[in-house]
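The values are calculated or read from the model by the stated rules, or taken from the named source; none is laboratory data. The structure presented is a predicted model; accordingly, all values stated were derived computationally and were not measured. Cβ coordinates were reconstructed from backbone atoms using ideal geometry, including for glycine residues, and neighbour counts include every protein chain displayed.
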There are 2 protein chains.
Amino acid sequence: MKQTLGAASGLVRLTFLVQNLYAEVGRGCDLTVAQAQMLCALTEESLGMAELSGVLGLERSSLTGLVDRAEHRGLVVREGDPRDRRVVKVTLTAAGADAVHRFHQQLTERLEQLLEDLPATERERFARSLGRLVADVPAVFTD
Amino acid sequence: MKQTLGAASGLVRLTFLVQNLYAEVGRGCDLTVAQAQMLCALTEESLGMAELSGVLGLERSSLTGLVDRAEHRGLVVREGDPRDRRVVKVTLTAAGADAVHRFHQQLTERLEQLLEDLPATERERFARSLGRLVADVPAVFTD
DNA sequence: CAAATTACTTCGTGCCACGAACAATCACAA
DNA sequence: TTGTGATTGTTCGTGGCACGAAGTAATTTG
């Protein structure tokens with residue numbers, strides 16, 4: 001008699017699980033959750049503070065400190081944008097790119113490992129459903 | 001040509017999405033994420049600090065402050081356990097039970113609403129897969 | 001009964017997030 | 001051109017969160 005867990009509860013628990021994995025892998029790469037998230041958002045391209053705060057869903061004022069600490073640790077640099085002298089572009093340094101690469105790789109591995117609990121076709125279907133649900137979530141993580 | 005998102009990326013984005021919902025609903029109930037999580041863990045039964053830290057995945061020292069603040073706000077009370085005078089049981093107050101009930105209800109609603117993006121049978125399957133993936137996650141959220 | 005274990009707390013540190021207030025820059029309209 | 005209003009970032013103050021090391025009290029174990 002296996003009681004079926006409600007879908008909502010399943011979602012919350014999955015989130016809890018992934019969140020913990022995220023934090024754990026982050027610790028292994030010497031990155032906090034917020035830092036890892038930011039670096040991931042920057043892997044594709046440099047972003048201005050406002051753009052970045054939009055992607056991450058943070059207030060601009062919150063971001064300032066986050067970037068400060070990351071910059072201080074040499075993961076990221078601030079650069080002025082000649083097109084618009086108000087904007088400050090945030091760009092990964094080599095070290096930052098390296099760290100986020102390791103992080104991304106390890107996290108992906110752990111997550112795929114987690115998905116191995118599902119048989120192949122089910123996993124396939126699950127991934128497709130996932131894709132639909134997150135269709136309009138900002139690119140906080142990419143393949 | 002809709003590019004299929006990798007399963008790992010899907011998981012991370014879903015987590016991001018649910019996490020934000022969680023925070024948003026929490027704010028509406030005047031609860032921080034950590035507080036809501038703790039209250040949810042206590043809805044079933046009172047727990048000792050050690051048990052609670054186990055469920056939430058926190059250090060005991062982190063929990064002390066969390067309970068302090070929640071207690072100070074009247075959401076929770078500490079009670080000694082006569083069986084073992086070392087343990088401190090944490091129990092919801094009426095206000096705490098009320099808050100977590102509202103939170104739970106609203107979050108569940110929002111999540112089910114989110115799942116409406118999937119057709120019925122797919123949603124059904126998705127929920128079943130979820131159940132398997134989170135089989136051994138502590139009861140941080142229940143139906 | 002002594003020693004090891006367990007349950008919690010305290011303290012110090014650092015990170016995170018918010019909102020209000022502010023300076024610089026830009027866009028646009030009169 | 002010169003306001004005027006919006007946008008971009010930053011600073012500052014506040015509060016919450018999480019950790020580890022160290023300490024106290026109660027329990028268990030040998």
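Values for this structure:
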read-out: Among the candidates A:6, A:10, residue that is among the small types (Gly, Ala, Ser), modelled with pLDDT of 95 or more and in contact with a helix residue (DSSP H, G or I) (Cβ under 9 Å, 6 or more places away or on another chain); value: A:10
read-out: Filter pass, residue B:90 being part of a strand (DSSP E or B), out of contact with any Lys or Arg (no Cβ under 7 Å at 6 or more places or on another chain), modelled with pLDDT of 95 or more and not polar (S, T, N, Q); value: no
read-out: Filter result (at positive phi and within 12 Å of DNA strand D (Cβ to nearest atom)) within the stretch B:37-82; value: B:57
read-out: Conditions (1) surrounded by 19 or more Cβ atoms within 10 Å (Cβ to Cβ); (2) within 11 Å of chain A (Cβ to nearest Cβ); (3) in a helix (DSSP H, G or I): number failed by residue B:132; value: (1)
read-out: Residues of the stretch B:25-37 that turn out to be in contact with a Leu (Cβ under 9 Å, 6 or more places away or on another chain), within 18 Å of residue B:113 (Cβ to Cβ) and within 13 Å of DNA strand C (Cβ to nearest atom), as a count; value: 1
read-out: Residues (closer than 16 Å to residue A:76 by Cα, away from DNA strand C (no atom under 11 Å from the Cβ) and within 14 Å of chain B (Cβ to nearest Cβ)) located in the stretch A:38-64; value: A:40, A:41, A:43, A:44
read-out: Some residue of the stretch B:120-141 being within 10 Å of DNA strand C (Cβ to nearest atom), without any contact (Cβ under 8 Å) to a residue 12 or more places away in the chain and of a type in the set (Gly, Ala, Ser); value: no
read-out: Search result, residues across the stretch B:74-108 that are within 16 Å of DNA strand C (Cβ to nearest atom) and basic (Lys, Arg); value: B:78, B:83, B:85, B:86, B:89
read-out: Counted residues, the stretch B:46-87 - those being loosely packed, with under 14 Cβ neighbours inside 10 Å and part of a loop (DSSP other than H, G, I, E, B); value: 8
read-out: Residue among B:41, B:23, B:36, B:8 that is under 19 Å from residue A:10 (Cα atoms), in contact with a Ser or Thr (Cβ under 7 Å, 6 or more places away or on another chain) and among the aliphatic types (A, V, I, L, M); value: B:8
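Here is a yes/no grid of residues against (1) part of a helix (DSSP H, G or I); (2) under 17 Å from residue B:20 (Cα atoms); (3) of a type in the set (Lys, Arg); (4) more than 8 Å from chain A (Cβ to nearest Cβ):
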| position | (1), (2), (3), (4) |
| --- | --- |
| B:97 | yes, no, no, yes |
| B:101 | yes, no, no, yes |
| B:113 | yes, yes, no, yes |
| B:123 | yes, no, yes, no |
| B:127 | yes, no, no, no |
